[in-house]
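Peer 1: Encoded as structure tokens, here's the structure I'll be asking about.
The values are calculated or read from the model by the stated rules, or taken from the named source; none is laboratory data. Everything quoted here is computed from the prediction, not taken from an experiment. Positions of Cβ are backbone-derived with ideal geometry, glycine not excepted, and every protein chain shown enters the neighbour counts.
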Amino acid sequence: MVWELPDVMRVAYAFVLALSVSLFWTGAVLSNTVHVIVSGMVFLVLIHGGQAAASMPPKPLLKSLQYAVTTSFGSICYGSLFTAAIRTLRWEIRGVRSKIGNNECLLCCVDFFFHIVETLVRFFNKYAYVQIAVNGQSFNRSARDAWELFQSTGIEALIAYDCSGAVLLMNTILGGLITGTCTGVWTYFTQRDKAIMVGSTSMLIGMILVGLTVVVVESAVTSIYICYAEDPLLIQRWDPEFFEQMSEALHQRLQYRSSRARQILNGRLDHLPNTSSI
């Protein structure tokens, strides 16, 4: 049986699409597995009052790794599928936008919309995976509990002013630039015609390696927020001074948000027309 050309193209397109989903899914699973491992390790340290505590179980990192790749691995794969699907859609939209000239503005808006959706999904997934590591629940239940935790404790007021993500991103970019610059300069004096290629490749590799370290730090910060919202006494037993700083900062943010809401409400009431009583 001889396939017609359109049929062959459709099969090839479906194959490339499946490979793209698989690529993004694998990357998300690996990253989220590291996230769950670090979150479980942080929870063990907090619940036992410190890494040097007598009640600390032996080999906590190995226990967290075993839990992440066995009990929680199904939830990790299930949650990572959403991010992989959205990234694949964005990749397809960008490919179509580069090939056509009509409705490019519409495709750009759709791409931006999926970018916002991906950002929101990754944001809530990040905290849902901490719930998976701490409570051992399914992904759907963990995501729902994380959302309810934000609504009930107001911890999002503190997370909104957290600049650790921006600092870690700057470190990743800086690490890539330093690696690419040093390698490019060295290649320029040895093989001048390959300096740009080697420098750009080294910069990418440097950003990836620094990014792996950044994931560990970001996961630890996220775990501390969730553990503080779940049970503030965990942070208090671990570091009383840090607990006081977090509590004071959260209290200030909640007070500011409450006063800001009152100002907006009073401003709207002042602009209402005065109605005479009948």
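Peer 1: Right, residue 237: surrounded by fewer than 17 Cβ atoms within 10 Å (Cβ to Cβ), among the charged types (D, E, K, R) and under 20 Å from residue 39 (Cα atoms) or not? Even if it seems obvious, please write down each step before you answer.
Peer 2: Details: surrounded by fewer than 17 Cβ atoms within 10 Å (Cβ to Cβ): yes; among the charged types (D, E, K, R): yes; under 20 Å from residue 39 (Cα atoms): yes.
Considered against the rule, which asks whether it is surrounded by fewer than 17 Cβ atoms within 10 Å (Cβ to Cβ), among the charged types (D, E, K, R) and under 20 Å from residue 39 (Cα atoms), residue 237 comes out as yes.
Peer 1: Let me ask another. Listed residues 46, 65; which is out of contact with any Cys (no Cβ under 9 Å at 6 or more places or on another chain), at pLDDT 80 or above, closer than 29 Å to residue 216 by Cβ and in a helix (DSSP H, G or I)?
Peer 2: Answer to the check: 65.
Peer 1: Turning to a different aspect of this structure: Can you pull out the residues in the range 1-31 that are at pLDDT 80 or above and polar (S, T, N, Q)?
Peer 2: Answer for the range 1-31, where residues must be at pLDDT 80 or above and polar (S, T, N, Q): 22, 26, 31.
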